[in-house]
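Remarks on the structure that follows.
The values are calculated or read from the model by the stated rules, or taken from the named source; none is laboratory data. Note that the structure is predicted; figures quoted are calculated from it, not measured. Counting neighbours? That spans all protein chains shown, and the Cβs are built from the backbone with ideal geometry, glycine included.
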Amino acid sequence: MVKQDFANPKHKKCLQATGLIAYKNTMQGAFYQRSGPSKIIFKDFKIIDNGLGVGVGMALPGSVEYNEGIEGHITDSKIYGESPAHDCPQAGKGGYCFKLDKCGLMAATYSRS
């Protein structure tokens, strides 16, 4: 989970998360969605065989404080598709399992309120 430190004034402008490894999550391997900084950076992420990969969703108030553009960056990162490990071991007999269509990169969403 990428979380903003609201006590840090620098996080009003930019938030960077670095070095996350996400493997076989049913939903997002990494995702940021909330009102907050105008720039998000995901750096050095390894996203491996997750249901909904990685994505950024941001909404900013239309106040004077946030006049700059809204930016989302994923840099120096790798997104891998299916891994050799099965999603549903034991040929689907027993265990906790969801079969789902997967994606590596979710479309980014940006809006002003």
Restricting attention to segment 36-55, which residues are free of Cβ contacts under 8 Å to residues at least 40 places away in the same chain and either out of contact with any helix residue (DSSP H, G or I) (no Cβ under 6 Å at 6 or more places or on another chain) or closer than 16 Å to D101 by Cα (or both)? G36, K39, I40, I41, K43, D44, F45, K46, I48
So, restricting to strands (runs of 3 or more DSSP E) that lie completely within segment 1-109, which ones have at least 2 residues that are surrounded by 11 or more Cβ atoms within 10 Å (Cβ to Cβ), modelled with pLDDT of 75 or more and basic (K, R)? 39-43
So, in segment 1-54, exactly how many residues are out of contact with any Ser or Thr (no Cβ under 7 Å at 6 or more places or on another chain), closer than 21 Å to G104 by Cβ and among the small types (G, A, S)? 6
Quickly run through segment 15-29 and pick out the residues that are more than 22 Å from K99 (Cβ to Cβ) and touching a strand residue (DSSP E or B) at 6+ places or on another chain (Cβ under 7 Å). L15, Q16, A17, T18, L20, I21
